[in-house]
1. So what is the relative contact order of the range 147-283, in percent, for Cα pairs below 8 Å that sit 6 or more residues apart?
2. Please report the relative contact order for the chain, taking Cα pairs under 8 Å with a sequence separation of at least 6, and give it as a percent rounded to a whole number.
3. Determine the sum of side-chain charges near Leu217: Lys and Arg each +1, Asp and Glu each -1, restricted to other residues whose C-beta is under 15 angstrom from that of Leu217.
4. For the chain, give the share of DSSP beta bridges that are antiparallel, in percent and rounded to the nearest 5; count only bridges with both residues there.
5. By how many nm would the segment from Gln197 to Leu13 grow when fully extended, if each residue of separation counts as 0.36 nm and the alpha-carbon distance is taken off?
6. I want the local charge near Ser58. Using Cβ-Cβ distances under 10 Å, sum +1 for each Lys or Arg and -1 for each Asp or Glu among the other residues.
7. Indicate the gyration tensor shape class of the range 209-270 (rounded, prolate or oblate), computed on the Cα atoms with a ≥ b ≥ c the square roots of the eigenvalues: a/c under 1.5 is rounded; otherwise a/b larger than b/c is prolate and the rest oblate.
8. Classify the range 25-87: rounded, prolate or oblate, from the alpha-carbon gyration tensor (a ≥ b ≥ c, eigenvalue square roots; a/c under 1.5 rounded; otherwise prolate if a/b is larger than b/c)?
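The numbers here are math on the coordinates, done by the rules we state, and not lab data. These figures come from a predicted structure and were not determined experimentally. Glycine gets a Cβ as well: all are built from the backbone with ideal geometry, and neighbour counts include every protein chain shown.
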Amino acid sequence: MKVTKAIFPVAGLGTRFLPATKANPKEMMPIVDKPLIQYAVEDAIAAGITELIFVTSSSKRAIEDHFDSNFELESNLLERGKFDLLEIVRSILPNGVSCAYVRQKSPRGLGHAVLCAQQLISNEPFAVVLADDLIDGGKKTCLQQMMDVFQETQSSVIAVEKILPLASKKYGIVDVIPTQNRLMPIRGIVEKPHPDQAPSNFGVVGRYILTPAIFPLLQNTTVGSNNEIQLTDAIAALLTTESINALQFSGIRYDCGSKLDYLRATIAYALKHPELATDFSLLLREFAECIV
Ligand code: UTP
């Protein structure tokens with residue numbers, strides 16, 4: 001089966017970025033000149049996704065507007081002959097890609113957000129993409145790498161990366177059967193364990209390909225860590241009936257939900273931005289000279 005739909009849960013409160021996220025969605029924060037959600041959507045489209053399903057909330061209307069056409073802006077750019085900018089605005093969503101929006105009434109957790117999109121997914125596998133995990137996969141995006149695995153295995157795939165043992169309380173942590181390559185069968189998964197209880201140092205990052213068997217399990221998942229309905233807990237239940245693989249993807253991931261990694265991403269992307277790279281590296285050198 002081919003995966004053509006992706007769920008983008010964007011209904012969280014983004015409390016780590018307050019006050020910036022009081023009225024503006026965290027997922028609309030820019031890395032240089034593009035919002036995080038657009039990078040996530042580009043990752044998905046490169047992997048063959050054609051139906052984008054956003055799980056939003058009342059404070060996230062800007063996301064809907066970003067992927068809609070803006071007649072006033074477009075005609076203004078056209079009148080002024082700003083064709084390059086017009087192209088940037090018009091190509092945000094390529095032809096053949098559609099968007100659907102569903103509301104999560106209150107932020108009850110990632111598992112609950114995914115469940116809110118159930119009616120838009122028929123009995124088919126789908127991707128889940130978290131925009132605050134910005135991943136520079138190089139030649140192949142993270143989701144493309146995962147799609148390759150799914151095509152071969154037809155089983156759920158979860159992206160993981162090695163984390164520092166002390167950081168386990170921030171991640172879902174997988175228990176894997178070690179292999180000689182980056183693909184490892186999962187035998188257990190636990191949300192935000194204490195470092196002493198973490199089954200490995202592989203943390204789950206925000207890219208999943210899941211089979212639809214997850215939905216009935218999500219319906220039966222009760223609140224877990226942080227008092228939220230955790231996707232991790234439903235994945236643990238799915239493991240009793242289906243095999244699931246962890247993929248240690250190639251690439252660099254930036255946790256843009258955290259301020260420090262958001263700044264790291266901004267620097268990395270500015271240093272490779274065609275208009276900014278040269279001047280920005282000079283600027284960074286100036287700053288570096290001031291730091292003792
Ligand atoms: P996070 O836990 O990283 O985001 O969820 P958050 O809750 O918005 O941020 P903080 O921790 O308060 O700063 C990962 C993704 O899941 C979405 C978020 O919008 C984010 O993109 N999410 C989370 C939902 O859509 N609904 C939820 O109930 C929780």
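1. 28
2. About 22 percent, as a whole number.
3. Cβ neighbours under 15 Å give a net charge of -3.
4. Counting DSSP beta bridges with both partners in the chain, the antiparallel share is about 55 percent.
5. Fully extending the segment from Gln197 to Leu13 adds 63.4 nm.
6. Once positives and negatives cancel, what remains is +4.
7. Oblate.
8. It is prolate, given that a/c is not under 1.5 and a/b is the larger ratio.
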